[in-house]
Amino acid sequence: MGDPQAVAANDKAASIEEKQYLLRFNADTQSHLHVMDTEICMTNCPDKICTIFCPAEVYKWEEVRMHVGYEGCHECGSCRIGCPHQNIKWVYPKGGHGIVFRLG
Amino acid sequence: MPEKFDAIVVGAGPAGIACAYELAKAGVNVLLIERGEYPGSKNVMGGVLYRKMMEEIVPDFHKEAPLERPIVEQRFMMMDKSSAVTFSYKGMEWASEPFNNFTVLRAKFDQWFASKAVEKGALLLNETVVLECIVENGKVVGVRTDRPDGELRADVVVLADGVNSLLAKSLGFHKEFRPDEVALATMEVLKLDKKIIEDRFNLEEGQGCTIELFGDATKGILGTGFLYTNKDTLSIGVGTLLSGLIKHKIKPYELMEYVKTHPMIRPYIQNAEPQEYLAHLIPEGGYHSMPKVVAAGVLVVGDAAQLVNAIHREGSNMAMTSGRLAADTIVAAMGRGDFSEASLDEYRKKLMGSFVGQDLKKYKDATHHFDKFPQYFEQYIPMMNRAASQMLTVDGASKREKQKKIWRDIGPAKQKFKIARDLIRAWKVMK
């Protein structure tokens, strides 16, 4: 259906990596996000739902630990509110750091 | 920088800037603190700015503010998988002064609005995070920032720190929000030639259109999508309760892609080039989720006070009005030399008496209702689409036969009774 070229153009930013590539970040050297107890993710959290609802895919489960790619964080706060175990310590990045929206 | 200010406003969004602007205009020595590189650099919204509440702060703003397009048409699409029933209102009274509303891009608009507050005499401090309020003898007397020697003092502190409002939480004004009190919205700004926008959306030069998307745009989860026209970009987004994403295990950006490739949406955005991708929370708990908004030496405004009307996608207007009312209260309190909770409570009374409090009360049970009864989005919107298709498809069946079929398709009597009950329920929470 439709013009295949147009579909291709609309699918261009389909992956999260490509969406994140559109953004400007001034990342701090230290993370503003901390999983307080990895053991909880490991044993009590089969869904690891933060890896699904985070809009920037900041959280990635790697076998035995949660990788936190804070550099790409939109600072929305979803992980702090949505973690079923209140296991994420969430503060703002240092002044002037983090995401820099240019438009929206 | 002097150590003590009359007032400190934390957060340069619509609420904070409005408050700082009004205070500076009244000659108050006010400091406006922003954690981003510039005002707007952390701020996201679909993009509708309401003329009336903005004009109450900066008269004739539309002559100089960086606005995108005045909205002359508002469409509402009730979507199924490959169809939509669309309602619309278009009126030329919105195409000229005084206008109804405009689309804006927040990074541009907030910078401009903050510059107006600075013109009035507010001091803007960017790249500064407020870590906590300084409380002495039960009264907020200033803030501690992440700058070296970061203590700043004031007679009154205004918390305009947005939806997450860590500061109001640390003062005990609210508990941590639940996933069904916030919506997670993602948005993309797509570049498209002006003329193409006007052709695709049936617009005269410079005019704008908003489309709100219901139903399949969120795969039936409680929430909405939107598609707004800017000057030479489109803003497209989708937001659902965080609890809905959790329950259905859906990735927000996959929902966004679903909307972008939906057959009802794709033709509008064909060949438009993504420029920016943004995510943000919207406070949607409404009246029941409002925190305490006043205590000795402190006021809470905007998203931090949960001032959003989710049903009418209003928020920036409520933010601005709350900022203005907070400023009025502070000026009066300065006259009395009294920053006690009782004195500042005038703000809460004014707020709840204004359209902000009235509308929050009117829709106080709406979000919860539609969350609790998902059939409105999951079943009734598709049903509406099937009925429209049935009635408008000319296939030789008589209109009476078609009506009968639509009536049969709704289901047995029990189901019809259930729908009637749901419609009454919906009326009750919306009336």
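Read the figures in this text as sums done on the coordinates, not as results from a lab. Treat the numbers as computed from the prediction; the structure is a model and nothing was measured. Positions of Cβ are generated from backbone atoms using ideal geometry, with glycine treated the same way; all protein chains shown enter the neighbour counts.
Compare the peptides B:29-42, B:83-96, B:316-329 by average per-residue count of other Cβ atoms within 10 angstrom and give them in order, highest first.
In descending order of packing, they fall as B:316-329, B:29-42, B:83-96.
If you bin every alpha carbon distance in region B:150-245 into 5 Å steps from zero, what whole percent lands in each bin?
2, 11, 15, 13, 12, 12, 11, 10, 7, 4, 1
Label-point separation (nm) for A:Lys48 and B:Glu132, each offset 7 Å from Cα along Cα-to-Cβ?
3.4
Other chains near B:137-150: what is the mean number of their Cβ atoms within 10 Å of each residue's Cβ?
1
Does region A:54-93 classify as rounded, prolate or oblate by the C-alpha gyration tensor (a ≥ b ≥ c root eigenvalues; a/c under 1.5 gives rounded; else a/b over b/c gives prolate, otherwise oblate)?
Oblate, because a/c is 1.5 or more while a/b does not exceed b/c.
Compute the helix-to-body angle for B:413-430: its Cα long axis versus the longest principal axis of chain B, expressed 0 to 90° and rounded to tens.
That works out to roughly 30 degrees.
What's the average, rounded to a whole number, of partner chain beta-carbon atoms within 10 Å of each residue's beta-carbon in A:86-94?
On the way: counts 1, 0, 0, 0, 2, 5, 11, 5, 6.
For peptide A:86-94, the averaged partner shielding equals 3.
If R0 is 51 Å, what FRET efficiency do you get for A:Met36 and B:Lys404 from their C-beta distance, rounded to 0.05?
The formula returns an efficiency of 0.25 here.
Taking the simple approach of a point 7 Å from Cα along Cα-to-Cβ for both B:His248 and B:Lys194, what is their distance in nm?
Placing both labels 7 Å along Cα→Cβ, they lie 3.8 nm apart.
What is the gain in length, in nm to one decimal, between B:Lys63 and B:Glu205 on full extension, counting 0.36 nm per residue of separation less the C-alpha to C-alpha distance?
The B:Lys63-B:Glu205 span can extend by a further 49.4 nm.
Apply 1/(1 + (r/R0)^6) to the Cβ-Cβ distance of B:Asn100 and A:Arg65, taking R0 = 41 Å, and write down the FRET efficiency to the nearest 0.05.
E between B:Asn100 and A:Arg65, to the nearest 0.05, is 0.20.
Label the protein assembly as shown by shape, choosing from rounded, prolate and oblate, from the square roots a ≥ b ≥ c of the eigenvalues of the Cα gyration tensor; if a/c is under 1.5 it is rounded, and otherwise prolate applies when a/b is larger than b/c, oblate when it is not.
prolate
Hey, if you put +1 on the Cβ of every Lys and Arg and -1 on every Asp and Glu Cβ in the protein assembly as shown, which of A:Cys54, B:Pro14, B:Leu255 ends up farthest toward the positive end of that dipole?
Of the candidates, B:Leu255 comes out farthest on the positive side.
Would you grab the residues whose amide H sits under 5 Å from the one on B:Ile134? Only those 5+ places off in sequence or on another chain, please, with H modelled 1.01 Å from N.
B:Val141, B:Gly142, B:Val143, B:Arg144
When ranked by the protection proxy of mean other Cβ atoms within 10 Å per residue, highest first, what sequence do the peptides B:213-222, B:47-56 form?
Highest mean packing first, the order is B:213-222, B:47-56.
At 0.36 nm per residue, minus the direct Cα-Cα distance, what do B:Glu378 and B:His312 gain on full extension? Give it in nm, one decimal, please.
Extending this stretch completely gives an extra 21.7 nm.
To the nearest Å, what is the center-to-center distance of region B:27-47 and region B:117-156, using C-alpha atoms only?
The two parts, judged by their Cα centres, are 14 Å apart.
Based solely on its DSSP helices, what 222 nm [θ] is calculated for chain B when runs of n ≥ 4 H residues each add -39,500 (n - 2.57) and the sum is averaged over all residues, nearest 500 deg cm²/dmol? Could the numbers behind the result be given before it?
Working: 15 runs with 155 residues, N = 431.
For chain B, the value works out to -10500 deg cm²/dmol.
What spacing in nm lies between the two simple spin-label points modelled at A:Lys89 and B:Glu56, each 7 Å away from Cα in the Cβ direction?
That separation, rounded to one decimal, is 4.2 nm.
Determine the shielding of peptide B:272-284 by partner chains: average, over its residues, the number of Cβ atoms on other chains within 10 angstrom of each Cβ.
For this peptide, the per-residue mean of nearby foreign Cβ atoms is 6.
What's the extension gain from B:Leu392 to B:Lys81 if we count 0.36 nm per residue and subtract their Cα-Cα distance?
110.2 nm
Chymotrypsin sites (Phe, Trp or Tyr not before Pro) within region B:152-206: which are DSSP loop residues with at most 10 other Cβ atoms inside 10 Å?
Values: sites: B:Phe173, B:Phe177, B:Phe201; in loops: B:Phe173, B:Phe177, B:Phe201.
Sites meeting the loop and neighbour criteria: none at all.
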